[in-house]
1. Restricting to the range 117-132, and then to whatever is surrounded by fewer than 12 Cβ atoms within 10 Å (Cβ to Cβ) and assigned to a loop (DSSP other than H, G, I, E, B), can you tell me which residue is modelled with the lowest pLDDT?
2. Whether any residue in the range 91-109 is surrounded by fewer than 17 Cβ atoms within 10 Å (Cβ to Cβ), in contact with a helix residue (DSSP H, G or I) (Cβ under 8 Å, 6 or more places away or on another chain) and outside any helix (DSSP H, G or I) is what I want to check.
3. Considering the range 64-77 alone, what residues qualify as being in contact with a helix residue (DSSP H, G or I) (Cβ under 9 Å, 6 or more places away or on another chain) and either at pLDDT 95 or above or surrounded by 14 or more Cβ atoms within 10 Å (Cβ to Cβ) (or both)?
4. Residues 45, 50, 41: which one is closer than 14 Å to residue 111 by Cα and either touching a helix residue (DSSP H, G or I) at 6+ places or on another chain (Cβ under 7 Å) or not in a loop (DSSP other than H, G, I, E, B) (or both)?
5. Give all pairs with beta carbons closer than 7 Å in which a residue from the range 62-80 that is in contact (Cβ under 8 Å) with a residue 12 or more places away in the chain meets a residue that is in a loop (DSSP other than H, G, I, E, B) and surrounded by 18 or more Cβ atoms within 10 Å (Cβ to Cβ); count only pairs at least 6 apart in sequence or on separate chains.
6. Does residue 114 satisfy being modelled with pLDDT of 95 or more, under 18 Å from the mean Cα position of the chain (by Cα) and part of a strand (DSSP E or B)?
């Protein structure tokens, strides 16, 4: 096999050449620098927590819903996905009134945690904010 010429070798092994085709001057791809700092890692962990919380909520129909101070709110009826694929937009909680069933929607941001072992969903609310 013949050794490629110096010019061909330069074209084939240049960093900006693609499949043996030389890049035109000024046509190189440019990427903005991405800082992989602490903030990016925190954001990624936050997104993972959201996705995990969404996954737990999707399997939590019938779980008891309480506030962070332990006040009983009702039972998780279902979750509603409208804008996000990785977590629900709202959770729908049902509670029994005297004669009718009542449902109340809470935004996903109000959910603090899901405890599958206790079959409980905990909201980031207290009794005072719940009554508003």
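1. Top of the filtered list is 132.
2. no
3. 67, 71, 73, 76
4. Only one candidate qualifies: 50.
5. Within 7 Å, the pairs are 67/125; 68/125; 75/63; 76/60; 76/63; 79/88; 80/88.
6. Values: modelled with pLDDT of 95 or more: yes; under 18 Å from the mean Cα position of the chain (by Cα): yes; part of a strand (DSSP E or B): yes.
So residue 114 fits the description; yes.
The values are calculated or read from the model by the stated rules, or taken from the named source; none is laboratory data. Since the model is a prediction, treat every value here as computed from it, not as a measurement. Reconstructed Cβ throughout: ideal geometry from the backbone, glycine too, with neighbour counts over all protein chains shown.
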